[in-house]
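Single-structure report; data block below.
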Ligand SMILES: Nc1ncnc2c1ncn2[C@@H]1O[C@H](COP(=O)(O)OP(=O)(O)O)[C@@H](O)[C@H]1O
Ligand SMILES: [Mg+2]
């Protein structure tokens, strides 16, 4: 390890983005004595900004704000991928940016992400890139129905997606995508969704938190089960895909890869997230080194921590729907009274439906027990 690359406390870590992932990274960094500076286009008091020493609010491409931000920090990371490339470039010219610009640029856009996977020969669903209705018609013809249209840029939590079934009128479906590039993907009849979250260091070493299982509700992650209930050969394939993606991107930092498991035990990549991930939140309680601490270590040029899962865990997301009204907090006793459950809230004021407000994690002696108890807590919390 080159000592020149090492950033030690009390140096300041710069975080692009003001969301909960930045907040949890800020918590880890502060615990270890780093200063934290957040640049976000959210208003003051963002989830990450609340825990930063300095929060700078405004456009990611405002040169004066970027100057202020960069003057304060030794190293920079991004807590979400939709940062304008002009900002990534400006940052990378003046400070170490980890993960690097290329990894973020590739994965912030579905078209570039898919082409990267194809180039690397990494298994993913068959797809076509389309720019107009005629190309959409041809793509659906080739891939067959059902299939799914996904906007190339700025999609998340199922937003910017349209499933094409036997009944779908393509002229009408295309209207939502008009003027933009879209990816059309064959429908994958998966039996399970899994993900792998881990980190790759500056020296190329890698450590993962294992293969976990994800259940979605309305396209939003609902529950993560760690470890995944899959055959060892399936978990091994998932880990191998994660490593192939990390090496292909020459990745530095914490990264998540979402995958589909098919009936024959095959695994293919769905999406890459160049940052800590919702399906890695369980690691805060269940792993030797959690995904945020690992991110802190890697971006500061420190060696990777041991990432191993030491205790089975289930993480449940808390969406705004759990709040009785948008500004009235739920009765948390179901979580707080449980001896192996931990509550995490992201400091967001308005509990809009579908908004990720927090999560809780339940540890167990096995996943069956953890899942049963997590579901009991979830049922007691209810939803509006
Ligand atoms: N090709 C597909 N076949 C079957 N289900 C899919 C496919 N693509 C997406 N989905 C379902 O939709 C969810 C969200 O899609 P994803 O591409 O991960 O977008 P997002 O960025 O919204 O997470 C997936 O987790 C999966 O449940
Ligand atoms: Mg996804």
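Below are the figures for this structure:
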| item | result |
| --- | --- |
| Residue in the stretch 172-182 that is surrounded by fewer than 19 Cβ atoms within 10 Å (Cβ to Cβ), touching a residue at least 60 places away in the same chain (Cβ under 8 Å) and either farther than 22 Å from residue 355 by Cα or more than 15 Å from the chain's Cα centre (by Cα) (or both) present | yes |
| Test for residue 185: is it near ligand 1 (Cβ under 9 Å from one of its atoms) and either within 24 Å of residue 246 (Cα to Cα) or not assigned by TED's automatic domain parsing to the domain that holds residue 299 (or both) | yes |
| Condition check for residue 268: closer than 24 Å to residue 77 by Cα and surrounded by fewer than 20 Cβ atoms within 10 Å (Cβ to Cβ) | no |
| Subset tally (residues that are free of Cβ contacts under 8 Å to residues at least 40 places away in the same chain, under 30 Å from residue 64 (Cβ atoms) and over 22 Å from the mean Cα position of the chain (by Cα)) for the stretch 93-146 | 2 |
| Residues satisfying the stated conditions in the stretch 42-63, i.e. under 24 Å from residue 358 (Cα atoms), buried (at least 19 other Cβ atoms within 10 Å of the Cβ) and within 21 Å of the chain's Cα centre (by Cα) | 46, 47, 48, 49, 51, 52 |
| Entirely in the stretch 217-309, the strands (runs of 3 or more DSSP E) that have 1 or more residues that are away from ligand 2 (no atom under 14 Å from the Cβ) and under 30 Å from residue 320 (Cα atoms) | 220-226, 253-261 |
| Pairs, first closer than 18 Å to residue 188 by Cα in the stretch 147-165, second assigned to a loop (DSSP other than H, G, I, E, B) and within 7 Å of ligand 1 (Cβ to nearest atom), C-beta under 8 Å, six or more apart | 147/187; 148/187; 157/219; 158/219; 161/155; 161/219; 163/187 |
| Exclusive hit being modelled with pLDDT of 95 or more, over 22 Å from residue 272 (Cβ atoms) and crowded, with 16+ Cβ neighbours inside 10 Å, set 97, 117, 88, 66 | 66 |
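The values are calculated or read from the model by the stated rules, or taken from the named source; none is laboratory data. Predicted model only: the values in this text are computed from it and were never measured. Don't worry about glycine lacking a Cβ; one is built from the backbone with ideal geometry, like all the others, and counts go over all protein chains shown.
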